[in-house]
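S.K.: First, the structure itself, so that you have it in front of you.
The values are calculated or read from the model by the stated rules, or taken from the named source; none is laboratory data. Note that the structure is a prediction, hence the values are computed from the model and not measured. Cβ coordinates were reconstructed from backbone atoms using ideal geometry, including for glycine residues, and neighbour counts include every protein chain displayed. Please note that ligands, DNA and RNA were not included when accessible areas were found on the heavy atoms of the full protein model with its side chains. Shrake-Rupley method; radii C 1.70, N 1.55, O 1.52, S 1.80 Å.
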Amino acid sequence: MNNSIRCAQQAKSCAFKPVRTSLTLPRPRILTASSSVSDVPSSVPKSKPQKSSSSSPSNGGKSTGIEDAITPKSEDFSRWYLDLVAKAQLADYGPVRGTMVIRPYGYAIWEAIQSHLDQRFKETGHENAYFPQLIPLSFIAKEAQHVEGFAPELALVTKGGGKDLEEPLVVRPTSETVVNHMFAQWVQSYRDLPLLLNQWCNVHRWEMRTRPFVRTLEFLWQEGHTAHASAEEAEEEARRMLDIYADFAINVAAMPVVPGRKSRIESFAGANCTYTIEAMMGDRRALQAGTSHNLGTNFAKAFGTQYLDQAGVQQFVHQTSWGVSTRMIGGIIMTHGDEKGLRMPPKLAPIQAVLIPIIKKETDREPVMAAIAKLEATAKSAGFRVKVDADTRQTPGWKYNHWEMKGVPVRIEVGPKDVETNTCVTARRDKPGKEGKVFGVPMEAEGFTTHMKTLLDEIQASLLAEAHEFRNANIVDVKSYEELKAAVAEGKWARGGWAASDDDERKVKEETQATLRCFPFEQPAGPHICFMTGAPAQEVAIFAKSY
């Protein structure tokens, strides 16, 4: 079945009926300093202490290891994740429960994500804009009357300048409403279309159970919003942007994802179709890493966003919205992290290599540091992102552990013997111990640059291959509901034919806590039989527990 037919069928099944005029929004949550969110400690999680390395005269009484180790990944995945976020200095908890402070190293990863995606967006004709964070509550109510089911829990501002506001203001949960308010003023004629905008901003969702990067009350993201003259253009746009997300996830973040279409139940409220990229984390749970929505004319009809076509007839615009957030950082951590900490894909790593001098005698310092400076200059001129750790307060062993925790792909060591031979030593973060070390790497520019480029490419490919192998080994093809329940109980993804009802989908979720993640674009050869009903099925679906 081709994509246009599949989306058309999905649009028909997802058509939103006009809701009752008595529809009301859920009681909004007022944003106050005393509001609380469950399941998040108010301070940095305490890691299990590791015995510090013994002090000796040879190291000046300094520790050669990390004082506090992270919880073993195999022992407690959730605690391992929280420990890693803290120890790698990616984020800390904010004073309001459920919020986070993104630390410089964590923000550098977000900046790298921004840089890659922003370039892709602009290459496809999108322009960056900014819309207000405060949205009139009436905008949300107006949209809810037209699109059944879109009723987020909101944070409100009710006072300003010491006075009650005439109308409460919603702290932005997403921007479709305010975007359409402006689109209705900007779009008059077919000549104004397509309108292709994106904004980088923060949003607020009053989540009850939170986890740094994965789910927080406030997070950073980009949200694209476009308007088109035809349904075909909107569908093409929604799919094009999902392809960009999938390409980024696979080829930059080294995160193998399954692109596909969401079910009616799991689709964004107000969308004709929701497309998604689903990634398997290290505990085998699914992570929705990015979504793209074909909104059809649902929001346009709510806000009167129309244009005059070439025949002089008023038409509603067809729209899309799409977004990736700081959740991607959580996905990278949970996909690649190991017992030693984070492992960063080289294409996304803020620091691709750290240079560490090995100085045992003071007379070694000057020649070793001169060699380090020369290597640093060579690496930077070749476009590598490198850092020199010349901190004299810590031993080389401490530095090794420190930068391994942060996931820096390559460590470069230079000692007095290396200076004598005009060589250095490189160590890969993705391969432990001697397996990842290469001795005798030339310091001269051409040889060093060639070695580093090859090494970084190999690490990037290795991380992707490892994650891909892990994912494929944990997807089970099922032919019955009992087989699905068994697969989910083992923590695996279940893939099988699906032609059942929305109620059947809800039953699966209620009984197994697994949700229908997507109908993958890449479908195995048929025929397929629905594992729930035994009826013929046109597609297979993936079910899994998720974040």
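S.K.: Could you say which residue among Glu469, Glu505, Glu482 is within 25 Å of Gly337 (Cα to Cα) and not basic (Lys, Arg)?
M.R.: None of the others qualify; the one that does is Glu469.
S.K.: Which of the residues spanning the stretch 281-290 are assigned to a strand (DSSP E or B), open to solvent by less than 10 Å² (accessible area, probe 1.4 Å) and in contact with a helix residue (DSSP H, G or I) (Cβ under 9 Å, 6 or more places away or on another chain)?
M.R.: Leu287, Ala289, Gly290
S.K.: Continuing with the same structure: Given Asn298, Asn294, which one is under 24 Å from Arg205 (Cβ atoms) and open to solvent by 20 Å² or more (accessible area, probe 1.4 Å)?
M.R.: Result of the check over Asn298, Asn294: Asn298.
S.K.: Quick one: which of Ser189, Ser175, Ser230 is in the same structural domain as Ile135 (by the TED database), among the small types (Gly, Ala, Ser) and over 22 Å from Gly270 (Cα atoms)?
M.R.: Selected residue: Ser189, the only one of Ser189, Ser175, Ser230 that is in the same structural domain as Ile135 (by the TED database), among the small types (Gly, Ala, Ser) and over 22 Å from Gly270 (Cα atoms).
S.K.: Could you tell me whether Leu348 is outside any loop (DSSP other than H, G, I, E, B) and not β-branched (Val, Ile, Thr)?
M.R.: When the stated conditions are applied, Leu348 does not pass them.
S.K.: Now a separate question. Filter the stretch 459-486 down to the residues that are farther than 19 Å from Lys509 by Cα and exposed (fewer than 15 other Cβ atoms within 10 Å of the Cβ) and list them by number. Explain how you work it out, then say what you get.
M.R.: Within the stretch 459-486, the subset farther than 19 Å from Lys509 by Cα is 459-474.
Answer for the stretch 459-486, where residues must be farther than 19 Å from Lys509 by Cα and exposed (fewer than 15 other Cβ atoms within 10 Å of the Cβ): Ala461, Ala465, Glu469, Asn472, Ala473.
S.K.: Restricting attention to the stretch 422-459, and to residues there that are in contact with a helix residue (DSSP H, G or I) (Cβ under 8 Å, 6 or more places away or on another chain) and among the β-branched types (Val, Ile, Thr), which single residue is farthest from Pro396 (Cα to Cα)?
M.R.: Looking at residues that are in contact with a helix residue (DSSP H, G or I) (Cβ under 8 Å, 6 or more places away or on another chain) and among the β-branched types (Val, Ile, Thr), I get Thr449.
S.K.: Restricting the stretch 351-360 to residues that are part of a loop (DSSP other than H, G, I, E, B) and modelled with pLDDT of 95 or more, which is farthest from the chain's Cα centre (by Cα)? Lay out the reasoning, then the answer.
M.R.: So in the stretch 351-360, the residues part of a loop (DSSP other than H, G, I, E, B) come out as 351-352, 358-360.
Retained after the next criterion (residues that are modelled with pLDDT of 95 or more): 351-352, 358-359.
Numbers: Ile351: 19, Gln352: 20, Ile358: 37, Ile359: 40 Å.
Checked the stretch 351-360; the qualifying residue farthest from the chain's Cα centre (by Cα) is Ile359.
S.K.: Scan the stretch 326-345 for residues that are in a helix (DSSP H, G or I) and open to solvent by less than 10 Å² (accessible area, probe 1.4 Å) and report the count.
M.R.: Matching residues across the stretch 326-345 total 8.
S.K.: Among the residues of the stretch 232-264, count how many are of a type in the set (D, E, K, R), part of a loop (DSSP other than H, G, I, E, B) and either open to solvent by 10 Å² or more (accessible area, probe 1.4 Å) or at pLDDT below 95 (or both).
M.R.: Looking only at that region, the number is 1.
S.K.: Could you tell me which of the residues Gly526, Gly496 is buried (at least 16 other Cβ atoms within 10 Å of the Cβ) and within 24 Å of Ala246 (Cβ to Cβ)?
M.R.: Gly496
S.K.: Still on this structure: Within the stretch 406-421, take every residue that is closer than 17 Å to Leu348 by Cβ and not small (Gly, Ala, Ser) and give me the one that is surrounded by the fewest Cβ atoms within 10 Å (Cβ to Cβ). Step through it out loud before you land on a result.
M.R.: Looking only at the stretch 406-421, we keep the residues that are closer than 17 Å to Leu348 by Cβ, and these are 406-410.
Of the ones still in play, those that are also not small (Gly, Ala, Ser) are 406, 408-410.
Details: Lys406: 22, Val408: 24, Pro409: 27, Val410: 27.
Only one residue tops the list, namely Lys406.
S.K.: Hey, could you check the stretch 159-190 for residues that are among the basic types (Lys, Arg) and in contact with a Leu (Cβ under 9 Å, 6 or more places away or on another chain) and say which is modelled with the highest pLDDT?
M.R.: It comes out as Lys159.
S.K.: So, one more: Working only within the stretch 211-231, note down all residues that are within 15 Å of the chain's Cα centre (by Cα) and not in a strand (DSSP E or B). Before you say what the answer is, go through the steps one by one.
M.R.: Initial filter on the stretch 211-231 (within 15 Å of the chain's Cα centre (by Cα)): 211-216, 218-223.
Passing the criteria: Pro212, Phe213, Val214, Thr216.
S.K.: I would also like to ask the following. Scan the stretch 198-209 and give yes if some residue there is more than 16 Å from Phe303 (Cα to Cα), among the aliphatic types (A, V, I, L, M) and in the same structural domain as Gln315 (by the TED database), otherwise no.
M.R.: Within the stretch 198-209 (the criterion being more than 16 Å from Phe303 (Cα to Cα), among the aliphatic types (A, V, I, L, M) and in the same structural domain as Gln315 (by the TED database)), the answer is yes, since at least one residue qualifies.
S.K.: To continue, here is another question. Would you confirm, using the coordinates I've provided, whether Glu483 is more than 27 Å from the chain's Cα centre (by Cα) and either at pLDDT 95 or above or assigned to a loop (DSSP other than H, G, I, E, B) (or both)?
M.R.: In short, yes.
S.K.: Just to be sure before I move on: is Ser74 modelled with pLDDT of 50 or more and surrounded by fewer than 17 Cβ atoms within 10 Å (Cβ to Cβ) in the structure I sent? Spell out how you get there, then give the answer.
M.R.: On the way: modelled with pLDDT of 50 or more: yes; surrounded by fewer than 17 Cβ atoms within 10 Å (Cβ to Cβ): yes.
Answer is yes for this residue.
S.K.: If I filter the stretch 87-133 down to residues being among the aromatic types (Phe, Trp, Tyr) and open to solvent by 70 Å² or more (accessible area, probe 1.4 Å), which single residue comes out as farthest from Arg240 (Cα to Cα)?
M.R.: Of everything passing the filter in the stretch 87-133, Tyr107 is farthest from Arg240 (Cα to Cα).
S.K.: Among the residues of the stretch 79-95, count how many are in a helix (DSSP H, G or I) and either within 19 Å of the chain's Cα centre (by Cα) or of a type in the set (Asp, Glu) (or both).
M.R.: Adding up the residues that qualify gives 7.
S.K.: What pairs come up if the first residue lies in the stretch 336-347 and is touching a residue at least 24 places away in the same chain (Cβ under 8 Å) and within 13 Å of Leu82 (Cα to Cα), the second is open to solvent by 10 Å² or more (accessible area, probe 1.4 Å) and part of a strand (DSSP E or B), and their beta carbons are under 8 Å apart, counting only those six or more places apart or on different chains?
M.R.: Cβ pairs passing all conditions: none.
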